[in-house]
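Take a look at the structure set out below.
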Amino acid sequence: MSWYGDAAPAGACRLTALGMINALGAHPAEIWPRVLAGDQSRLTPRSDLVAGRVLHVAEVVDPLPELPSQLRRYASRTNALALAAVRQIEERVRAAIDEFGADRVGLIVGTSTSGVGEGERAIRHHVDRGRLPSSFDYAQLEPGSPAPFLAAYLGIAGPAYALSTACSSGAKALASARALLEMRLCDAVVAGAADAVCGLTANGFGALHLVSSKPSVPFSANRSGMTIGEGAAFFLVTREPGGIELLGVGECSEATDMSAPDPDGGGAEAAMQAALLDAGLSPDGVSYIGLHGTGTRLNDAMESRAVFRLFGAETWCSAAKALVGHALGASASIELGCLWLMLEAGRDGVYPLVPHCWDDTPAPDLPPLRLVRRGDRLLASSRPVVLLNSFGFGGSDCSLIIGRAPPC
Amino acid sequence: MLTASIERWAAWAPGLENADEWDRWCRAPAPLGADGAPPLASVPPLLRRRCSRLTRMALEAAFRCVSDEDMGRVTTVFASRHGDAASNVSLLESLARGEPLSPTRFSHSVHNAPAGLFSIAAGNRRPSASVAAARGTFPCGYLESISMLTRHPESPVLFVMADEPLPPTLAAFRDEPPGAYALALLMVPGGEVDFRPAMAGERASRREWPDALEFLRWWRAGGPSMTLSAVASAWTWSRR
């Protein structure tokens, strides 16, 4: 029996190591202090994405690695972001390949845009000159592009595929990685997601009136849309017990609309409930909730209702997207990375919390949530357990629960 | 070993619409057409209008494969290598010309558009995954379907693979057997079809037809086993 009780699935699912890059920095050691400080100074104003508008974008400003020459045909910004994150855990992945064999190591990558940014430049070239640029290769653009690229880079010979369910892609990657371990098809899985800012998403969300010109203020009365972001986060997931474990996954489809959530939060609530059931926990077993918190009118309204119905007003909550932006298909992996760092940083039962950065103006029509202020700490007497929400276009909802095992 | 039974199946391609036509095709395959779209009579017109040709094919196969009583309770896996490449190229052309983007076209450009539209049309609130894996998309989608069965053994999985040729702008990158098609399989745990990583010496079949249809040919009219490659791995199906 594992440490979290009888309801647990057979075999642990440990998030062994994390590699991450986002607007706040090139790796977790840079990112984490800026998360805790609520540092929004790196949001970049850009006037080149949507005609006539300046958008604050959470873009990665650090230089990205070049892809190895034999894999250059995959050269997209999304794949370069993925490479930057994966290189941080490369040693651990290669050790897993040595230990278990290349065919026992898998790869699940979430992405929503893949190489759409490179596709934009190629199609503009085609519109202007009647031919595609010589630098373009369809391997950059195709929806599953990061899967063959990362598998080839890392020497993975087990299952390798991409999941693309819009903004829940990164969460679903962890769900499928756990299944590969449970099915005993793999002994280790590299799981995470990558996505890059591009004109299509900025203009598309703009056309749907979902993008804010100012940095987003989730759950505020003044919220007017999201801050678009980008980045990548990957975990090495293994079956060994201990450390930080994936305890629960809850997935559902909303079946209501392609771009707007169920206004009452029924889908969000069902996903959170399914994750609790999967983890064998009741709502009071969760100490903190990483909100999807896009800063759009509809998301924040429905999500606060769903969270309030299930957890009341006493559970700590915050939306990391005000800091790291909405990194689309990579958002859940990046935000799970922040939660992972939070659990890693705890000492003697005291855990720092991701602050909720906004304008301190509660929306009178939304139920109250216990939003984390800078410096708030979680006091966890035993095992801290946290939940992360992600909701995507097409009504694709996924909640994840992770927790830190007590020392043996 | 990952075992499943295929309880029902349905496929659609231009000129190949019912099981008899497909069984004849499996025994004596001929090149697939690339033009035409299915009627998708089971989806209300308002919703149907928002479906691209790819989604229409996927949903035609999906709705033929599930009974009315199952359509709300199946979990789903939708796989496509290219997704809606034609629509996406046309969105990027609009963007290049500085035209305003249609919010509806944008929200339907996600890879999980067929999954989302199926869930809406079927009133299905169950878990769903959308897979892409370059030339290994079919075996990986099948694997994700087995994974879905493992995670949610209480209900069948509806696995739908659909693809169409890359649009003319990207024609130079066509590297697979041509044709537009959708295949839907209703899968339940245990039973008749084993699936596992290929063993040393098991060679992948020659790819004369899209992988999903190579699978259909094997399952309806083929030998004891079949192997297909996927990215860096290869996968073998065999009959019990």
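The values are calculated or read from the model by the stated rules, or taken from the named source; none is laboratory data. Being a predicted model, the structure only gives us computed values, none of them experimental. Counting neighbours? That spans all protein chains shown, and the Cβs are built from the backbone with ideal geometry, glycine included. The protein model used for the area step is the full one, side chains on, heavy atoms only, and it has no ligands, DNA or RNA in it. Shrake-Rupley method; radii C 1.70, N 1.55, O 1.52, S 1.80 Å.
Before moving on, here are some points about what is shown:
- Residue among B:A212, B:A184, B:A172, B:A200 that is open to solvent by less than 60 Å² (accessible area, probe 1.4 Å) and either without any contact (Cβ under 8 Å) to a residue 40 or more places away in the chain or not in a helix (DSSP H, G or I) (or both): B:A184
- Count of residues meeting criterion [among the aliphatic types (A, V, I, L, M) and surrounded by 13 or more Cβ atoms within 10 Å (Cβ to Cβ)] in region B:20-56: 7
- Taken over region B:143-169, the criterion of being under 16 Å from B:G190 (Cβ atoms) and not in a strand (DSSP E or B) is satisfied by B:S145, B:I146, B:S147, B:M148, B:L149, B:T150, B:R151, B:H152, B:P153, B:E154, B:S155, B:P156.
- Helices (runs of 4 or more DSSP H) (entirely within region A:1-113) containing at least 1 residues that are among the aromatic types (F, W, Y) and open to solvent by 20 Å² or more (accessible area, probe 1.4 Å): A:28-37, A:90-100
- Restricting region A:168-184 to residues that are open to solvent by 10 Å² or more (accessible area, probe 1.4 Å) and touching a strand residue (DSSP E or B) at 6+ places or on another chain (Cβ under 9 Å), the residue that is nearest to the other protein chains (Cβ to nearest Cβ) is A:M183.
- Any hit, region A:132-140, residues being at pLDDT 95 or above and either within 25 Å of the chain's Cα centre (by Cα) or within 25 Å of A:G395 (Cβ to Cβ) (or both): yes
- Residue in region B:57-75 that is assigned to a helix (DSSP H, G or I), closer than 16 Å to B:R8 by Cα, open to solvent by less than 40 Å² (accessible area, probe 1.4 Å) and of a type in the set (F, W, Y) present: yes
- Any hit, region B:232-240, residues being in a strand (DSSP E or B), away from chain A (no Cβ under 14 Å), in contact with a strand residue (DSSP E or B) (Cβ under 6 Å, 6 or more places away or on another chain) and open to solvent by 10 Å² or more (accessible area, probe 1.4 Å): yes
- Applying the criterion of being away from every other protein chain (no Cβ under 13 Å) and farther than 27 Å from A:L174 by Cα to the residues of region A:190-215, the residue that is most open to solvent (accessible area, probe 1.4 Å) is A:K214.
- Flag for B:E93 being open to solvent by 20 Å² or more (accessible area, probe 1.4 Å) and more than 7 Å from every other protein chain (Cβ to nearest Cβ): no
- Single unsatisfied condition, A:A268 versus (1) crowded, with 23+ Cβ neighbours inside 10 Å; (2) touching a helix residue (DSSP H, G or I) at 6+ places or on another chain (Cβ under 6 Å); (3) within 30 Å of A:A84 (Cβ to Cβ): (3)
- When we screen B:S80, B:S107, B:S87, B:S67 for residues that are under 30 Å from A:H126 (Cα atoms) and more than 9 Å from chain A (Cβ to nearest Cβ), the only hit is B:S87.
Rundown of residues vs (1) out of contact with any helix residue (DSSP H, G or I) (no Cβ under 9 Å at 6 or more places or on another chain); (2) closer than 21 Å to B:W219 by Cα; (3) not β-branched (V, I, T), yes/no style:
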{"residue": "B:A115", "(1), (2), (3)": "no, no, yes"}
{"residue": "B:S128", "(1), (2), (3)": "no, no, yes"}
{"residue": "B:V131", "(1), (2), (3)": "no, no, no"}
{"residue": "B:T137", "(1), (2), (3)": "no, yes, no"}
{"residue": "B:H152", "(1), (2), (3)": "yes, no, yes"}
{"residue": "B:T169", "(1), (2), (3)": "no, no, no"}
{"residue": "B:G179", "(1), (2), (3)": "no, yes, yes"}
{"residue": "B:A184", "(1), (2), (3)": "no, yes, yes"}
{"residue": "B:V193", "(1), (2), (3)": "no, yes, no"}
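- In the set A:V127, A:V116, only one residue is open to solvent by 20 Å² or more (accessible area, probe 1.4 Å), over 18 Å from A:L81 (Cβ atoms), within 8 Å of chain B (Cβ to nearest Cβ) and among the hydrophobic types (A, V, I, L, M, F, W, C); that residue is A:V127.
- Region A:224-238, residues that are in a loop (DSSP other than H, G, I, E, B) and either open to solvent by less than 10 Å² (accessible area, probe 1.4 Å) or modelled with pLDDT under 95 (or both): A:G225, A:T227, A:E230
- Candidate set: region B:118-151, residues that are among the hydrophobic types (A, V, I, L, M, F, W, C) and facing chain A (nearest Cβ under 7 Å); chosen: the one most open to solvent (accessible area, probe 1.4 Å): B:I120
- Cβ-Cβ contacts under 7 Å between residues 6 or more apart (or on different chains), taken from a first residue in region B:223-238 that is farther than 11 Å from A:A157 by Cβ to a second residue that is among the charged types (D, E, K, R) and crowded, with 23+ Cβ neighbours inside 10 Å, are listed as B:L228/B:D211.
- Of the helices (runs of 4 or more DSSP H) lying entirely inside region A:116-222, those containing at least 3 residues that are closer than 30 Å to A:T238 by Cβ are A:146-154, A:169-182.
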